[in-house]
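FYI, it's all coordinate maths here, none of it is from the lab. Model, not experiment: these values are computed from the prediction. Cβ: placed from backbone, ideal geometry, glycine included. Neighbour counts: every protein chain shown.
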């Protein structure tokens with residue numbers, strides 16, 4: 001009680017002062033007939049509190065950048081992965097070594113074998129005329145062209161080759177590339193940019209996939225060689241889409257699919273393309289010089305006028321037995337590539353002797369169309385003889401020069417399938433001296449390739465070669481696959 | 001680095017502005033003309049919309065005759081340039097059958113193997129008769145011949161690495177190898193002036209790409225520290241691996257890369273190095289082994305060395321040299337090895353013979369002579385040009401020398417005037433170089449003789465005076481009066 005008294009006195013004094021302030025004349029007001037005293041003081045206090053709160057910064061945890069010492073520690077701790085993954089045990093690393101030209105008969109590892117592993121469709125490897133024209137070129141121009149096309153790398157044989165191919169196919173102009181595989185993956189990004197639509201077959205090979213990826217356009221895949229799937233995809237993409245008229249749209253297909261041996265039905269594709277207004281990019285590496293009455297490719301085979309196909313590309317490393325590639329189409333298409341196709345502008349041009357070899361090969365094809373009949377009869381014979389192979393079936397088209405053999409009954413895992421097929425190929429080579437190969441896949445490939453044995457038929461094969469192959473395959477596959 | 005004086009920058013910008021304005025005016029009128037005749041088929045979007053090919057149509061086509069000149073002989077030190085005419089103001093060009101014999105300052109013929117060579121050509125023809133022009137199959141199927149195996153071993157030995165792998169085209173080598181080595185979750189740090197093939201390869205791999213200032217090890221260190229500490233974007237997980245990509249000689253600058261410092265930085269931060277020696281292999285170095293030999297770097301310190309055979313060896317194709325494990329991994333997974341036709345056997349033989357000549361294994365000392373000659377020629381030419389007052393880029397010993405032009409009108413003036421005086425030069429403008437920095441690029445070869453170089457200097461000096469590109473004051477001739485008389 002003693003302590004309470006001074007406290008009470010102090011509070012009374014404070015209260016007296018406060019009431020004096022409240023009763024000051026300025027602080028009085030009359031609101032709706034009610035006296036309110038000292039309101040200004042209260043309002044003043046409130047305003048002071050509000051201003052104080054507003055002026056304080058909101059609470060944020062302080063941002064501290066990493067100190068140099070911390071960065072050093074992080075850099076010391078970081079451990080990179082090794083540059084390449086460790087090699088799997090038992091992975092195949094040795095390839096058969098050829099010791100002579102890769103014609104229908106060749107020498108592999110010292111032994112003479114029948115060669116079904118080279119895409120030498122017209123049998124032009126070892127042709128005298130082609131070799132003579134190459135020798136002439138080599139003596140005149142040397143081997144390399146020492147520069148890109150824009151900087152003195154254009155040699156007159158390149159221009160001859162381009163006009164020869166254009167004349168052969170019936171198109172206004174064509175453009176040469178220095179490597180087969182770089183043709184398609186330079187052409188696609190030159191025409192398709194970000195925002196365009198591309199509809200592609202899901203079985204296209206790696207070079208096409210790389211081109212599609214580099215173009216940064218929207219890519220939609222349809223089921224392999226299935227026209228109904230293509231039609232429904234095109235319908236879905238264009239229905240109700242007003243913007244679709246203003247962006248560029250492409251369909252990308254191969255004529256003979258390298259991964260499966262199927263042939264694209266060009267007449268239906270052209271019908272769909274005209275209905276939905278898409279442009280067609282046709283990859284003809286394995287059908288140029290093979291299909292059609294005179295070897296002019298898929299368009300001649302189906303009787304479609306060549307002007308309806310917008311862009312045709314092909315590598316010349318197959319039927320024409322040289323290297324490099326070309327692209328052909330209308331004048332606008334070809335001119336556009338001369339400045340904006342990266343594989344053409346930033347790379348050295350094709351060695352001149354390969355360009356003159358291409359010219360001689362096309363001349364040979366024009367003068368001897370009978371070589372196509374040989375090729376076709378060989379393919380037909382092979383189909384007939386291999387139709388009853390135990391355990392293996394032919395899954396490629398009857399006209400395709402790439403004959404694809406798959407296991408009739410898969411073991412369930414792709415690796416064991418591949419092992420079986422490789423055992424068959426090895427035995428065929430060792431015991432019967434016939435050189436065949438299985439399909440190879442890179443782990444960067446996005447296509448679900450069917451696993452099988454690929455046979456490349458050439459017009460230079462004789463009937464005895466083919467019977468040797470078929471009897472050997474039948475025998476070996478019977479023994480290897482007898483347990484499955 | 002290039003120092004651009006203000007007056008030159010202003011005049012160049014003004015010229016480009018004028019060209020742009022005229023181009024837009026012509027486009028405007030073209031719109032009216034096209035309105036009457038519909039060129040595009042109804043319903044299809046045009047191949048190039050509006051401004052996408054403005055540069056091509058309005059600027060490039062005017063000077064089209066300076067590029068893509070066809071030749072009718074081997075690209076040796078003297079060659080025949082085909083004359084072209086145009087009836088429609090340079091929109092299309094037709095070749096005539098006349099040729100002019102010109103001095104070649106444009107082809108990549110560093111050691112003079114471009115034309116038929118006395119040692120190489122007979123062997124090439126022999127291999128052509130034996131193996132034919134192509135193997136028509138991929139390397140893993142039936143495309144590996146004895147020649148390919150021999151060249152892989154020889155290339156590895158030449159460069160100083162344990163193993164090598166071959167490809168048929170230099171461009172494909174870069175674009176198909178980089179995705180095999182690094183993927184999503186990795187980081188690629190590349191020099192800002194790297195070649196298009198490296199850019200394509202980096203983009204195709206799916207890894208994150210960062211750029212560091214051209215040839216600056218300090219900035220590279222900064223970028224490395226920032227990236228390792230920060231981790232992958234958004235998730236901040238640590239990077240799986242980091243590859244730093246540089247070139248030996250940059251083809252548009254003529255500069256050598258600062259290799260020892262960059263290797264030191266990469267070793268400190270545990271990044272892998274990838275060296276692209278397209279222009280430097282065979283052309284620099286005491287015995288032609290490239291920038292590593294020239295700058296004293298041990299090849300074992302560089303993880304992956306890439307090069308091409310087009311420039312110094314007179315053939316085509318490219319190679320990668322690295323440790324045995326990396327090469328085996330590439331042989332199993334690289335798409336260019338598994339899907340692309342193998343290199344043409346005569347071209348392989350040409351490289352084998354060229355390397356043998358350079359190493360002296362053909363029994364003569366032509367290789368050493370060629371190497372000494374290209375070094376002498378490049379240094380002589382560069383010092384003479386600098387004395388005359390031209391602005392020349394590049395380091396000593398590099399056979400590539402760009403002469404700065406800047407102004408867009410000087411590009412065709414220089415090129416056409418030199419051709420009229422029988423010297424063929426290469427001029428480069430946007431988009432291969434930055435817009436304001438157009439240049440003429442000279443490539444010296446070991447097959448140029450001293451008389452050829454004197455003639456070239458004479459012509460370039462006269463044309464330089466005519467066109468007005470001697471941006472620096474010329475040194476007064478103090479030492480050899482005789483030399484000065486020759487130049488007059």
- Item | Spacing of the two label points (7 Å from each Cα toward its C-beta) at residue A:306 and residue A:64, in nm | 7.4 nm
- Item | Packing-based exposure ordering (other Cβ within 10 Å, fewest first) of A:224, B:148 | A:224, B:148
- Query: If R0 is 25 Å, what FRET efficiency do you get for residue B:25 and residue B:466 from their C-beta distance, rounded to 0.05?
  - Reply: 0.25
- Query: Angle between the Cα long axis of helix A:4-22 and the longest principal axis of chain A, 0 to 90 degrees, nearest 10?
  - Reply: 80 degrees
- Please give the calculated 222 nm ellipticity per residue for chain A, where each DSSP H segment of at least 4 residues contributes -39500 (n - 2.57) and the sum is spread over every residue; nearest 500 deg cm²/dmol? -13500 deg cm²/dmol
- Taking chain A and dividing mean pair separation by its residue count, relative contact order in percent (alpha carbons under 8 Å, at least six apart): 18 percent
- Query: Using r as the Cβ-Cβ distance of residue A:235 and residue A:331, and R0 as 41 Å, what FRET efficiency do you calculate, to the nearest 0.05?
  - Reply: 0.80
- Query: Two-decimal Rg/Rh of the protein assembly as shown from alpha-carbon positions, Kirkwood Rh?
  - Reply: 1.10
- Using eta = 1.002 mPa s and T = 20 °C, Stokes-Einstein with Kirkwood Rh from Cα pairs puts D for chain B, in µm² s⁻¹, at 87 µm²/s
- Query: Going by how many other Cβ atoms sit within 10 Å of their own, how do B:279, A:39 line up, fewest first?
  - Reply: A:39, B:279
- Message: Students often get this wrong: which residues of segment A:448-463 have the backbone nitrogen under 12 Å from the point 7 angstrom along Cα-to-C-beta of residue A:415?
- Response: none
- Message: Using a 10 Å cut-off around each Cβ, can you sort A:155, B:411 from fewest to most neighbouring Cβ atoms?
- Response: B:411, A:155
- Using only Cα atoms, find the angle between the long axis of helix A:39-55 and the longest principal axis of chain A, and express it within 0 to 90 degrees, rounded to the nearest 10. 30 degrees
- Message: Angle check, please: helix A:206-215 long axis (alpha carbons) against the longest principal axis of chain A (alpha carbons), in degrees 0 to 90, nearest 10.
- Response: 40 degrees
- So residue A:380 and residue A:293, fully extended at 0.36 nm per residue minus their Cα-Cα distance, gain in nm 29.7 nm
